[in-house]
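Here is the structure we will look at, set down as structure tokens.
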Ligand SMILES: [Zn+2]
Ligand SMILES: [Zn+2]
């Protein structure tokens, strides 16, 4: 399998995952032009994409969909019903490709990849996260969740690779000078995961199988890559798993391209 986080943060999210001849994107918060350039840096093209799986309708996860669907008319778009409706409302442009609708909690197959969806708490209609596997390797992707539920923990166990939200440092957020209502929204059960919450989740789901974590969706003002890495490194050291790779993601470029 291979994975590359093509962009991560409130300015746009897209994660490329592939196995054999099947390539997918989780979320499409980048324009077709930017996506083509980012994929080019790992030797891939838009036509290598079989499907786009959308997690929820916030525009940083779907604003590229109209352009991408136009550029790739054979692509399949996956979302649950509420997210599909929310995306169409938010992107304010017709999507020339029909949706493949799934029920939250169900699994489906895209080429050689099996995808499992599961519910996460976030302030949209029916937000989900995904675990993707090719029969031997498993990648868990969970960003945009305000709290960790037993369902989240259950699905993220036994993954080889995790893409996990480390949105903010709680002290930096509280001292950010942002409106109190916004701070409460981010800290709330339907907001975003802090570095500490993400580290605690890693401590819970850690297994001998885990080889890499991509800390993702970092706030521009209320976090630093160093803070996120520090929190994760501390839990890995405490659990005796300091060998697990921590691979930074970026608001303006690609992560390491991990092939495993
Ligand atoms: Zn987001
Ligand atoms: Zn969101």
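The values are calculated or read from the model by the stated rules, or taken from the named source; none is laboratory data. From a predicted model like this one, the values you see are computed outputs, not experimental measurements. Neighbour counts are summed over all protein chains in view; Cβ atoms, including those assigned to glycine, are modelled from backbone coordinates with ideal geometry.
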List pairs: first in segment 44-65 and over 13 Å from residue 26 (Cα atoms) and within 11 Å of ligand 2 (Cβ to nearest atom), second at pLDDT 95 or above and part of a helix (DSSP H, G or I), Cβ under 8 Å, 6+ apart or cross-chain? 58/90; 59/90; 59/91
Out of segment 137-178, which residues are touching a helix residue (DSSP H, G or I) at 6+ places or on another chain (Cβ under 8 Å) and buried (at least 24 other Cβ atoms within 10 Å of the Cβ)? 140, 142, 144, 145, 156, 159, 162, 164, 165, 166, 167, 168
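Among the candidates 199, 212, single out the residue that is farther than 23 Å from residue 113 by Cα, touching a residue at least 12 places away in the same chain (Cβ under 8 Å), surrounded by 17 or more Cβ atoms within 10 Å (Cβ to Cβ) and more than 16 Å from ligand 1 (Cβ to nearest atom). Talk me through it step by step, then tell me what you get.
Working: 212 fails: farther than 23 Å from residue 113 by Cα.
Result: 199 is the single residue among 199, 212 that is farther than 23 Å from residue 113 by Cα, touching a residue at least 12 places away in the same chain (Cβ under 8 Å), surrounded by 17 or more Cβ atoms within 10 Å (Cβ to Cβ) and more than 16 Å from ligand 1 (Cβ to nearest atom).
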Do you know which residues across segment 118-137 are under 18 Å from residue 165 (Cβ atoms), touching a residue at least 60 places away in the same chain (Cβ under 8 Å) and more than 16 Å from ligand 2 (Cβ to nearest atom)? 132
Within segment 84-97, identify whether any single residue is within 30 Å of residue 185 (Cα to Cα) and modelled with pLDDT under 95, and answer yes or no. yes
Consider residue 24 against the criteria (1) away from ligand 2 (no atom under 16 Å from the Cβ); (2) farther than 14 Å from residue 14 by Cα; (3) touching a residue at least 60 places away in the same chain (Cβ under 8 Å): it satisfies all of them except one. Which criterion is unmet? (2)
Any idea how many residues of segment 179-194 are away from ligand 1 (no atom under 16 Å from the Cβ) and in contact with a helix residue (DSSP H, G or I) (Cβ under 8 Å, 6 or more places away or on another chain)? 1
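Got a sec? Which helices (runs of 4 or more DSSP H) wholly within segment 147-243 have at least 1 residues that are at positive phi and within 16 Å of ligand 2 (Cβ to nearest atom)?
On the way: elements: 150-156, 170-174, 180-187, 195-205, 225-238.
Those helices (runs of 4 or more DSSP H) do not exist here; none qualify.
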Tell me which of these residue 94 doesn't satisfy, since it passes every other one: (1) within 22 Å of residue 62 (Cα to Cα); (2) surrounded by fewer than 24 Cβ atoms within 10 Å (Cβ to Cβ); (3) in contact with a strand residue (DSSP E or B) (Cβ under 7 Å, 6 or more places away or on another chain); (4) without any contact (Cβ under 8 Å) to a residue 60 or more places away in the chain. (3)
